[in-house]
Amino acid sequence: MKKLMILAAVLGFVGCTDPDTDPKKLYANEWQLQRVEINDKDVKLPAEAPVLNFTDSLTINGKGGCNLFFGVYKADNKGTITVEPQGMTKMMCPDAEFEDQYIKALGQVNEFEFDKDYLELENEPLDIVLVYRKK
């Protein structure tokens with residue numbers, strides 16, 4: 001009986017894995033945006049999917065679909081992140097409204113988590129969810 005209880009306890013611990021929040025994985029890949037959800041509504045992505053790059057020197061850069069952007073970020077192994085977009089090119093783009101919404105949402109995220117080939121950025125009340133795939 002004791003062996004059965006120990007086995008059940010071990011299996012219970014194995015099944016309870018912590019979320020993957022290793023900040024080093026942020027800059028190991030280029031991330032392509034797959035989905036944007038704001039206030040429980042999916043936002044239509046532009047024709048050219050945005051990309052996001054993190055560096056080990058705590059800077060970000062990417063493309064919002066048309067314009068290039070850059071900024072800084074901080075992340076820890078507890079899954080907390082702050083992203084501060086700081087600048088962007090100003091080309092005339094057909095999806096300018098999306099880019100404005102996307103950059104604003106990116107600046108509001110405060111949590112991150114990896115799930116296989118995906119990176120999820122979200123804010124605490126979950127009214128913004130950005131899902132990226134390794135490119």
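Can you give the FRET efficiency for Gln86 and Lys116, using 1/(1 + (r/R0)^6), R0 = 25 Å, r = Cβ-Cβ distance, to the nearest 0.05? Write down the numbers at each step before the final one.
Values: r = 31 Å, r/R0 = 1.22.
Step by step, r from the Cβ atoms, then E = 0.25.
Mind checking the alpha-carbon convex hull of the chain and giving the volume per residue in Å³? Display every interim value, and only then the final one.
Working: hull volume 16.5 nm³, N = 135.
Spelled out: Cα convex hull of the chain, divided by residues, is 122 Å³.
Taking the Cα centre of the chain as origin, work out the dipole magnitude from +1 charges on Lys and Arg Cβ and -1 charges on Asp and Glu Cβ, in debye rounded to 20.
Numbers: 16 positive and 23 negative charges, 103 e Å.
For the chain, the charge dipole is close to 500 debye.
Taking all pairs of different Cα atoms in segment 34-75, averaging 1/r and flipping that mean, what Kirkwood radius in angstroms comes out? Don't skip to the answer; put the middle values down first.
Details: mean 1/r = 0.0860 Å⁻¹.
Across segment 34-75, the inverse of the average 1/r is 11.6 Å.
Evaluate the distance, in nm, between pseudo-label points positioned 7 Å from the Cα of Lys74 and of Thr59 along their respective Cα→Cβ axes.
Computed distance between label sites Lys74 and Thr59 equals 1.9 nm.
222 nm [θ] for the chain, helices only, -39500 (n - 2.57) per DSSP H run of 4+, per residue, to 500?
Values: 2 runs with 25 residues, N = 135.
Counting only the DSSP helices, I get -6000 deg cm²/dmol.
Size of segment 62-118 along its principal axes in angstrom, Cα-based, largest extent first?
Result, largest extent first: 39, 23, 15 Å.
What angle, in degrees between 0 and 90 and rounded to the nearest 10, separates the Cα long axis of helix 96-106 from the longest principal axis of the Cα atoms of the chain?
Relative to the chain, helix 96-106 is tipped by roughly 40 degrees.
Under 20 Å from a point placed 7 Å out from the Cα of Val131 along the Cα-to-Cβ direction: which residues of segment 41-72 have their backbone N that close?
41-53, 65
If the only charges are +1 at each Lys and Arg Cβ and -1 at each Asp and Glu Cβ, what is the size of the charge dipole of segment 48-119 around the Cα centre, to the nearest 20 debye? Mind dumping the intermediate values first?
On the way: 6 positive and 12 negative charges, 41 e Å.
My answer is approximately 200 debye.
Based on the mean of other beta carbon atoms within 10 Å per residue, what is the order of 113-122, 61-70, most packed first? Please report the intermediate quantities before stating the final value.
On the way: 113-122: 16.1, 61-70: 19.0.
Those peptides, ordered most packed to least, come out 61-70, 113-122.
Just report the Cα centroid separation between segment 100-135 and segment 17-32, whole Å.
Using only Cα atoms, the two centres lie 12 Å from each other.
We did not get these values from a lab; they are worked out from the coordinates using the rules stated. In this text the structure is predicted, and so the values were computed from the model without any measurement. With ideal geometry, Cβ positions are generated from the backbone for all residues, glycine too; neighbour counts draw on all protein chains shown.
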